[in-house]
Protein chains: 2
Amino acid sequence: MSSCPACLVGLLLICLSIDYINARPNFVIMLMDDMGWGDLGVYGNPEKETPNLDAMAAEGMLLPNFYSANPLCSPSRASLLSGRLPIRNGFYSNNAHARNAYTPQDIAGGIPDAEILFPELLQSNGYRSKIIGKWHLGQQPQYHPLKHGFDEWFGAPNCHFGPYDDKKTPNIPVYRDADMVGRYYEDFMITSDGESNLTQIYIQEALTFIQKEAASNQPFLLYWAVDATHGPVYASPAFMGTSNRGRYGDAVRELDYGAGAILKQLQTLGIDNNTLVIFSSDNGAATYAKTGGGSNGPFLCGKETTFEGGMREPTIAWWPGKIGAGQVSHQLGSLMDLYTTILELAGVQRPTDRIIDGISLTNTLFNNQETDREIFYYRGDELMAVRQGLYKAHLWTWTNSIEEFNEGTDFCPGQEIANVTTHDQVNNTMQPLLFHLGTDPGEKYLIHPMSHEYRTIIPRIQAAIMKHKQTLVRGTPQLNYCDSSLMNWAPTGCEKLGRCLTAPPSNRQLCVWPH
Amino acid sequence: MSSCPACLVGLLLICLSIDYINARPNFVIMLMDDMGWGDLGVYGNPEKETPNLDAMAAEGMLLPNFYSANPLCSPSRASLLSGRLPIRNGFYSNNAHARNAYTPQDIAGGIPDAEILFPELLQSNGYRSKIIGKWHLGQQPQYHPLKHGFDEWFGAPNCHFGPYDDKKTPNIPVYRDADMVGRYYEDFMITSDGESNLTQIYIQEALTFIQKEAASNQPFLLYWAVDATHGPVYASPAFMGTSNRGRYGDAVRELDYGAGAILKQLQTLGIDNNTLVIFSSDNGAATYAKTGGGSNGPFLCGKETTFEGGMREPTIAWWPGKIGAGQVSHQLGSLMDLYTTILELAGVQRPTDRIIDGISLTNTLFNNQETDREIFYYRGDELMAVRQGLYKAHLWTWTNSIEEFNEGTDFCPGQEIANVTTHDQVNNTMQPLLFHLGTDPGEKYLIHPMSHEYRTIIPRIQAAIMKHKQTLVRGTPQLNYCDSSLMNWAPTGCEKLGRCLTAPPSNRQLCVWPH
Ligand SMILES: [Ca+2]
Ligand SMILES: [Ca+2]
């Protein structure tokens, strides 16, 4: 049609270029908060109240052997985004041995600039990125998501604890991008009955962002970090009382609905075939919350512990046309693998100047093949356990202190395994406790140290530990110091709202981590 | 074509008659032995090693609130076939309070002639019937399946315990119809390593029977009572070592394969649209077998107990074209319901001279509607617990005696709930222990007796108990007496094989039931 062959070639190159950009997939990470492995119908919850997530699994791949990098929110999330264990990225404390630490609003630390989060790499390679919900990598401005690879943010830097008295503690702010737009319990209500429309807002934010980005020519990353299943658990009026599992179940139903709405949105916009969606949770269900928390199915204990209930996550991968429907993979996976997998799929080089713990799961997702690897279970500054194949060795055991336990904080309610669910920190490094998670998913039956099985497996695991430790460079611990003056007294944007509070004098001190 | 209108009418009537007969559905009951609620992928087993059963659920209806009538084989099976609780049909003992009893090979009793089993009613209404596998309703000839409604039998009257020394105890015979055709460990091997081709034989028996009956004009009942997941657990060479769950998992895989082969056979023969298939298990997983037994998922304890782990069964209903695909029903169901449901579907009147505990599930299966009803949990001669809606009240608690426990028999390994998993028989009838199974499927968190919830619910449950007890006529206990002379010394057919043994003198005495 044209008499200008050079123009044609040029046009072709432009088309190819646009095709190449468009061909880069979008990424949606749906990260639940304290949701347990046993909370989804497809993972065996007896009430089967997650039809949308069950359908997502039927259309995609179930990953029953998928782990968080830590049994607590902040370190788990820092690892997801950095692709590195908390011990490397600094999301731990060494104030005391093997203690879980996180980012309450008086924490001094946060995600170090030196960590290269995958959203940063996507952003600098043409992706648009948004986080909706809980950040939890530091409440000070320099740690905020817009400083670490996100173009947009709607959500909060901390957990929705409260309500607080602003004399001693301010309520947690909710941000839109760089500015505070209100606070929990003031502008964003969560009633004592667990009523809140926050999840509906988070759903709408997701749908709007996806629609906007689908209309553009840029690929996108959506990190949907909703927190309704973290205590205090909440649901919106339309979902209150709709489950057989109390308010916790109502929250699960609403999140299930939201996940379904997001998948539907991708389909409606015709971008489902170009979007990888991962559903998972940041740590195990908070069994200490008793009937108010979630379920870890057949697994031992829950959040805060390095037993399976603390770190095995209900994970689903979905990408119509790329991930075959109705598949199950036994791959040992980690939330840190999303780092490596996503960068590979985006065609972005991953950092080569540091160890990335996440491995690429593309061969798992697209070909249902497995890669050998270990899972390292850290609690604070200590490597507590290691999984290799179907075997798990505990180097240290601890639930919580007997004092805490006697005061009613029970991480393993109804469960008691002699020498395993210990209330002392027990050092088993000289003779690790060994379990076979295939025949014994509940970590109940110790493999005898004199058995052939033990003497075959333990050296292999010890070799993996040695290799791991040889290359381990510990990051500077970020979660050692707390300071009331650093709380959310005057978040950016408070001036416009006339809602700034006056910070007290600094009282920098070592944080106390009881667990 | 014909000049004889009367002939035409006659032909038409014959055709209608054949159509009517053909229209009556076939029934296949796949009853597992000691398989637990948590053993199927679709019910949350982490290893997800049951692709055929998971597909069966995806094509049919999942029933996560389905119960056996008893936590032990014989009473559970007697109830399934009679539609009545063991306390009515006599499958209990009152030698001691609240003890589980069954039919070892020296049992004097068996299924009473007065009980009208649904296979008898189907048989007298034109059905052909076969049992494949374990009968367990009495080893004496008058109790055999061919005397109680079955046209064909391939299997054994007792569990596959052994091998025995025929001086004191004969090995269990395997029958074809009325005649013994061999014995376990002699003609039908189960090695100490758990190798046996029995499941393959049972699969082939099923496929052959279905093919034969499909070619006839009669509807059929197949009761596929396979026992590979009952200790000693076994699998055939092709399945040994194929699971991540040891020999137990291998057995599950083989049974899953068999279930798939049976469904495939129905489809190949074009009778899937006219066949109701029910998959379930006779009692909870034998948690006392530790890593050698199955999984009860998130539930408390296992076989022998009236906690959820003892009686909640992994149940699936399948009938393409009649039962919609991918459904879940929260109906409280019981294996006894198969009695009433099957008779209704066969157009056969059920007995009106006695109480039938089973209710019809047709409205559940075809319309996904729920019927209110209670689940009564008996152990021996005692009503231990009652479920109504999401609530369960324990009138009595007991695991096993502290003596047995101290010797290593643990029905609740790794689980310990104060005042619940008791080693004494504790009478709570004056103030039942109340649990909400929705928020607390593991029966861990007692609802406080002073709470509004307790004071609302308990009277309703007590009213149901009163109603139940008012109409309760206890059957004559069948499981009180044992006698070594009644063992399988000289089963019918032994003469032809030259394999008759000589019975010792009678030593009739009260059976000892430790649990
Ligand atoms: Ca969390
Ligand atoms: Ca059984």
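The values are calculated or read from the model by the stated rules, or taken from the named source; none is laboratory data. Here the structure is a predicted model, which means the values were calculated and not measured. Neighbour counts are summed over all protein chains in view; Cβ atoms, including those assigned to glycine, are modelled from backbone coordinates with ideal geometry.
Tabulated values for the structure
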| read-out | value |
| --- | --- |
| A:PRO320, sole failed condition from (1) surrounded by fewer than 21 Cβ atoms within 10 Å (Cβ to Cβ); (2) out of contact with any helix residue (DSSP H, G or I) (no Cβ under 7 Å at 6 or more places or on another chain) | (2) |
| Residues located in the stretch A:65-77, provided they are touching a Phe, Trp or Tyr at 6+ places or on another chain (Cβ under 7 Å) and not polar (S, T, N, Q) | A:LEU72, A:CYS73, A:PRO75 |
| Filter result for B:GLY83 (farther than 23 Å from B:LEU263 by Cα, more than 16 Å from ligand 1 (Cβ to nearest atom), away from every other protein chain (no Cβ under 14 Å) and in contact with a Pro (Cβ under 7 Å, 6 or more places away or on another chain)) | no |
| Condition check for A:GLY258: at pLDDT 95 or above, within 16 Å of ligand 1 (Cβ to nearest atom), on the phi < 0 side of the Ramachandran plot and of a type outside the set (Phe, Trp, Tyr) | no |
| Test: residue in the stretch B:152-170 that is out of contact with any Ser or Thr (no Cβ under 7 Å at 6 or more places or on another chain), in a loop (DSSP other than H, G, I, E, B), within 19 Å of B:TYR234 (Cβ to Cβ) and among the polar types (S, T, N, Q) | no |
| Matching entry among A:TYR185, A:TYR143 (being more than 30 Å from A:ILE355 (Cα to Cα) and without any contact (Cβ under 8 Å) to a residue 60 or more places away in the chain) | A:TYR185 |
| Among the candidates A:PRO64, A:PRO46, A:PRO51, residue that is within 14 Å of chain B (Cβ to nearest Cβ) and free of Cβ contacts under 8 Å to residues at least 40 places away in the same chain | A:PRO46 |
| Condition check for B:GLY162: away from ligand 1 (no atom under 16 Å from the Cβ), at pLDDT 95 or above, at positive phi and away from every other protein chain (no Cβ under 14 Å) | yes |
| Selection count where residues are more than 9 Å from every other protein chain (Cβ to nearest Cβ), away from ligand 1 (no atom under 13 Å from the Cβ) and buried (at least 24 other Cβ atoms within 10 Å of the Cβ), scope the stretch A:29-38 | 1 |
| Leading residue by the ranking (farthest from ligand 1 (Cβ to nearest atom)) among those in the stretch A:266-311 that are of a type in the set (Asp, Glu) and away from every other protein chain (no Cβ under 14 Å) | A:ASP272 |
| The stretch A:429-446, subset farther than 22 Å from A:PRO64 by Cα and free of Cβ contacts under 8 Å to residues at least 24 places away in the same chain, residue farthest from the other protein chains (Cβ to nearest Cβ) | A:MET430 |
| Test: B:TYR185 is surrounded by fewer than 23 Cβ atoms within 10 Å (Cβ to Cβ), under 28 Å from B:ASN488 (Cβ atoms) and away from every other protein chain (no Cβ under 14 Å) | yes |
| Count - residues of the stretch A:236-265 that are in contact with a Lys or Arg (Cβ under 6 Å, 6 or more places away or on another chain) and within 14 Å of chain B (Cβ to nearest Cβ) | 2 |
| Subset of the stretch A:331-342 [crowded, with 22+ Cβ neighbours inside 10 Å and more than 14 Å from chain B (Cβ to nearest Cβ)] | A:SER334, A:LEU335, A:MET336, A:ASP337, A:LEU338, A:TYR339, A:THR341, A:ILE342 |
| Whichever residue in the stretch A:20-58 is assigned to a loop (DSSP other than H, G, I, E, B) and closer than 21 Å to A:LYS130 by Cα and, among such residues, is nearest to ligand 2 (Cβ to nearest atom) | A:ASP33 |
| Per-region count, the stretch A:114-137, residues touching a residue at least 12 places away in the same chain (Cβ under 8 Å) and under 17 Å from A:ARG88 (Cα atoms) | 5 |
| Out of B:LYS130, B:LYS147, B:LYS134, sole residue that is closer than 30 Å to B:SER401 by Cβ and among the charged types (D, E, K, R) | B:LYS134 |
| Index of the failed condition, B:ASP440 passing every other in (1) in a loop (DSSP other than H, G, I, E, B); (2) in contact with an Asp or Glu (Cβ under 7 Å, 6 or more places away or on another chain) | (2) |
| Identity of the residue in the stretch B:279-302, in contact with a Leu (Cβ under 7 Å, 6 or more places away or on another chain) and of a type outside the set (S, T, N, Q), that ends up farthest from ligand 2 (Cβ to nearest atom) | B:PHE279 |
| Filtered residue count, the stretch B:313-330, keeping only those that are touching a residue at least 60 places away in the same chain (Cβ under 8 Å) and either at the interface with chain A (Cβ under 8 Å from one of its Cβ atoms) or on the phi > 0 side of the Ramachandran plot (or both) | 3 |
| Residue match in the stretch A:225-245 (condition: in a strand (DSSP E or B), within 25 Å of A:CYS73 (Cα to Cα), under 17 Å from the mean Cα position of the chain (by Cα) and not basic (Lys, Arg)) | yes |
| Unmet requirement for A:HIS436, which otherwise passes all of (1) surrounded by 17 or more Cβ atoms within 10 Å (Cβ to Cβ); (2) of a type outside the set (Gly, Ala, Ser); (3) within 25 Å of the chain's Cα centre (by Cα) | (3) |
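Residue-by-condition table, conditions (1) under 30 Å from B:GLN415 (Cβ atoms); (2) of a type in the set (Gly, Ala, Ser); (3) crowded, with 18+ Cβ neighbours inside 10 Å:
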| residue | (1), (2), (3) |
| --- | --- |
| B:MET450 | yes, no, no |
| B:TYR454 | yes, no, yes |
| B:GLY475 | no, yes, yes |
| B:CYS494 | no, no, yes |
| B:SER506 | no, yes, no |
| B:CYS511 | yes, no, yes |
